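Let me begin by presenting the structure, written as C-alpha cells, before commenting on it.
The numbers here are math on the coordinates, done by the rules we state, and not lab data. Treat the numbers as computed from the prediction; the structure is a model and nothing was measured. Methodologically, a virtual Cβ is constructed for each residue, glycine included, from the backbone with ideal geometry; neighbour enumeration extends over all protein chains shown.
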C-alpha cells in the first residue's frame, strides 16, 4: 500500500518579543531589583539540591545593576561580612559581571565562578536584554544562623 506524502509546511521563524511577565504575588519575601524595577520571586523545592530555590521569569535588561533583597530591604547576600558572595553557574558566568569583588574560577572542568563580595561590590547583568528564567538558591552559614551569606545563580 502506497500513501501519498503531503508537502511539508515551512516553519515560520518566531518573532522575538521582549516584554515583562505579569507580576504574581506568591507571598515570598525575596525580590529582584533590576533596571529600576522590583520583581517578586516564586519558589519551589529544587529537585537536584533538595533546598528552596527561587525563580523569576521576565525581562533582564542589559547593563543593569542587579540586587536581591528581602521584603525589609536587606540585601542578599549580605555585603558587610567575610565569606559572602555569589556562585555563578553555567550561562550566568557570561551574563553577569561582578566588580569590586574577588572572582575565582572553579576547576578546569567546573562551570562555576565564585564571587567573594564586600560592601563596595556590584553585580551587573551584561547579557542581551531579553526574557530569561533566573534561578537562585540562598545559603546561610553552617551553624544554623539565618544570615543570607551566599547566593547561587543560574539561568535557563
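Taking the centroid of alpha carbons for each part, segment 37-52 and segment 83-101 are 18 Å apart.
With the simple model of a label 7 Å out from the Cα in the direction of the Cβ, residue 38 to residue 79 spans 1.7 nm. In percent, rounded to a whole number, the relative contact order of segment 87-156 is 36, using alpha-carbon pairs under 8 Å and six or more apart. Across segment 31-155, C-alpha contacts under 8 Å between residues 6 or more apart give a mean separation that, scaled by the residue count, equals a relative contact order of 30 percent.
Per-residue packing, averaged as other Cβ atoms within 10 Å, sorts the ranges 139-147, 61-69 into the order 61-69, 139-147, beginning with the highest.
Above 17 Å, the calculated P(r) of segment 93-148 contains 56 percent of its Cα-Cα pairs.
Pairwise Cα separations in segment 31-155 fall into 5 Å bins from 0 onward with the following percentages, short to long: 2, 11, 21, 26, 23, 13, 3, 1. Extension gain for residue 112 to residue 65 (0.36 nm times residue separation, less C-alpha to C-alpha distance): 14.9 nm. For segment 31-155, the share of DSSP beta bridges that are antiparallel, to the nearest 5, is 90%.
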